[in-house]
Amino acid sequence: MAEAFKFELVSPARLVISEEVDQVVVPGSEGYFTVLKGHSPFMSTVRPGLLEVTNAAGKTTRIFVAGGFADASPNGLTVLAEQAIPVEDLKPETLSKEITAVEAVIASAKSDEAKRLASEKLGQLREVQAQLGSTTAH
Amino acid sequence: MPSLKSLRTRIASVKATQKITKAMQMVAVAKLRRAQMAAESARPYAERMAGVLANLAGAFENQPGAPVLLAGNGKDKVHLLVVCTGDRGLCGAFNSSIARLARDHANRLLSEGKDVKFLCVGRKGAESLRRVFPDRILDVFEFKGARTIEFEMADGVGKKVLELFEAGVFDIATMFYSRFKSVIQQIPTQQGLIPAEVPAKAAGATSDGAIYDCEPGEAEILEDLLPRNVSVQIFRAMLENGASFYGSQMSSMDSATRNAGEMIKKLTTIYNRSRQAMITKELIEIISGAEAV
C-alpha cells in the first residue's frame, strides 16, 4: 500500500477536497499523470477530464474537472480547477450543454487559433462523455 | 409650539421608519453571514493561485520575454480603473468611500498628464463617477438580480478587461474594492490587475525555490494562468465587496435604528409637556373663572 500524502482540490467557489490520499491520477494537458507521495516539484495545466483519487482506504473517487492547474510538490498536490463536480453529481445534460456551447464557439470562431483550441476542448469533452457512458453501461 | 396632532403624526412616522431600519438590519445580519462564508470559502483558491503565480513569476524576474500580463506592455499612458461597488444604497459610506478612492486616484493620474478610463462593476459606483467623469466610463456591469455571486459573473468582467487590454485601450489596470476586515471595519482598497501584482513569497511557501518541472512549459502555463488570475482577483474582490456591503449596511442600519429611538424619545417628551401645559392652562382658567364669580 502506498503512503498517504496531502491532496487539495480547489474550485473558485470553495475548497472541494482536502484530505490524505494514496494516489491521484490527473488529466494533464499533455496526458494523464499519476501523483504518489514525494513527487518531484511539477506543474501542469489540466484539461477537461476525469480526476481519479484513491484514498487511504483504497476507495477510488472520480471527479470531473473543467480545466485548471495541478501543482505537485514533495509536500502534496494541489489542483486548481475551474469547475469540479464529483462524477455521481455530474448530470449528462450538464456535459452535453457544455459540448453544445463549445460547438457554438467553433462555429463562430474568427481565427484559426481559437478554432483549434475550441475543437481540442470539444474532443476532450467528448472523451469524458464516452468514458462516463462506458461506466454507466457496466 | 407644534400642535398636539402634528406631534402625534411625527412620532408615528418615526416609529414606522424605525421598524423598517430594524428589519433591514436583521436582513443584513443574515445575509452577511452567508456572504462572509462565501468570501472565506473562495480564499483558498485565490491564495493557491497567488502561490503558484509567485513560484512561476520568480523565474521571469527582470528578464525579457516575460508575458505582457505580468510585466506590462512597457507604457503607462492610459490607466483603466475597475471600480467594484454595490448595486444598492442604504449602506452607510460603503459605496461612496470606494468611489472616492477611485476618484482621488483618477485625479492624481490626470494631473500627471495620464489618461484615465473607468470600468464599473456595480451601479452605485457608476452613478457617482458619472457625475465627475461622464465620458470616461467604458462599461458598467450590474448584477442586481443575482442572489449569489458566481464565478461566471467575475469571469465575464475579466474577459472584458482582457479584451480591452488586447485591443490596446489601456496600459495599466487597477481595481478598487472594499476589503472586509470585520463587521465594523471595511477598508477601501486598490490593487493592481495588469500588470499582475505578484505577492511577495509568503513565509513557509510550499516550495523553497525548488526547480519546477513544467508541462507544457513555464511560459505556456503562465500564459494560461495570468488571464485566469485576472478573473479570480475580480471574483475575490466581488465576494469581499459583498461581505463588506452587508457589514456596512448592518452597522449603518443599526445606528439609524438607534437614532430613530432617540428621536421618538425626544418627541414624546415634547408631546407630554405640551399636553400637560394645556391641562394646566385649562385648570387655571376654570379656577380663576370660579374665583371671579
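The values are calculated or read from the model by the stated rules, or taken from the named source; none is laboratory data. All values reported here derive from a predicted model rather than from experimental measurement. Don't worry about glycine lacking a Cβ; one is built from the backbone with ideal geometry, like all the others, and counts go over all protein chains shown.
Quick notes
- Any hit, the stretch B:93-111, residues being modelled with pLDDT under 90 and of a type in the set (Gly, Ala, Ser): yes
- Condition check for B:Arg33 on (1) assigned to a helix (DSSP H, G or I); (2) within 29 Å of B:Ile194 (Cβ to Cβ); (3) of a type in the set (D, E, K, R): one failure, at (2).
- Enumeration of residues in the stretch B:239-293 that are over 42 Å from the mean Cα position of the chain (by Cα), polar (S, T, N, Q) and surrounded by 12 or more Cβ atoms within 10 Å (Cβ to Cβ): B:Ser274
This table checks each residue for (1) in a helix (DSSP H, G or I); (2) within 13 Å of chain B (Cβ to nearest Cβ); (3) at pLDDT 80 or above.
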position: A:Ala57; (1), (2), (3): no, no, yes
position: A:Arg62; (1), (2), (3): no, no, yes
position: A:Ala114; (1), (2), (3): yes, yes, no
position: A:Ala118; (1), (2), (3): yes, no, no
position: A:Val128; (1), (2), (3): yes, no, no
position: A:Gln131; (1), (2), (3): yes, no, no
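- Members of the stretch B:11-29 that are free of Cβ contacts under 8 Å to residues at least 24 places away in the same chain and of a type in the set (A, V, I, L, M): B:Ala12, B:Ala16, B:Ile20, B:Ala23, B:Met26, B:Val27
- Looking only at the stretch A:69-104, and only at residues there that are within 13 Å of chain B (Cβ to nearest Cβ) and in a helix (DSSP H, G or I), the one that is surrounded by the fewest Cβ atoms within 10 Å (Cβ to Cβ): A:Ala101
- For the residues B:Ala16, B:Ala99, the requirement of being away from chain A (no Cβ under 14 Å), assigned to a helix (DSSP H, G or I), over 29 Å from B:Lys159 (Cβ atoms) and small (Gly, Ala, Ser) singles out B:Ala16.
- Criterion applied to A:Gln131, A:Gln83 was being closer than 24 Å to B:Arg43 by Cα, out of contact with any Cys (no Cβ under 8 Å at 6 or more places or on another chain) and in contact (Cβ under 8 Å) with a residue 60 or more places away in the chain, and the one residue passing it is A:Gln83.
- The number of residues in the stretch A:32-48 being more than 7 Å from chain B (Cβ to nearest Cβ) and either under 20 Å from B:Tyr212 (Cα atoms) or more than 11 Å from the chain's Cα centre (by Cα) (or both) comes to 10.
- Within the option set B:Gly125, B:Gly156, being surrounded by fewer than 23 Cβ atoms within 10 Å (Cβ to Cβ), in contact with a strand residue (DSSP E or B) (Cβ under 8 Å, 6 or more places away or on another chain), modelled with pLDDT under 90 and in a helix (DSSP H, G or I) holds for one residue only, B:Gly156.
- Test: A:Leu9 is aliphatic (A, V, I, L, M), surrounded by fewer than 20 Cβ atoms within 10 Å (Cβ to Cβ), under 21 Å from B:Ser231 (Cα atoms) and not assigned by TED's automatic domain parsing to the domain that holds A:Gln124: no
- Residue under evaluation B:Gly58, criteria (1) over 31 Å from the mean Cα position of the chain (by Cα); (2) modelled with pLDDT of 90 or more, criterion not met: (2)
- Residue in the stretch A:14-31 that is aliphatic (A, V, I, L, M), in contact with a Ser or Thr (Cβ under 9 Å, 6 or more places away or on another chain), surrounded by fewer than 20 Cβ atoms within 10 Å (Cβ to Cβ) and within 12 Å of chain B (Cβ to nearest Cβ) present: yes
- In the set (1) modelled with pLDDT of 85 or more; (2) part of a loop (DSSP other than H, G, I, E, B), B:Ile149 fails one condition alone, (1).
- Qualifying residue in the stretch B:24-35 (condition: within 14 Å of chain A (Cβ to nearest Cβ) and more than 18 Å from the chain's Cα centre (by Cα)): no
- Residue under evaluation A:Leu51, criteria (1) surrounded by 14 or more Cβ atoms within 10 Å (Cβ to Cβ); (2) within 14 Å of another protein chain (Cβ to nearest Cβ), criterion not met: (2)
- Some residue of the stretch B:210-219 being modelled with pLDDT under 90 and under 30 Å from B:Leu119 (Cα atoms): yes
- Test: residue in the stretch B:7-30 that is touching a strand residue (DSSP E or B) at 6+ places or on another chain (Cβ under 7 Å), modelled with pLDDT of 80 or more, closer than 30 Å to B:Ala146 by Cα and among the aliphatic types (A, V, I, L, M): no
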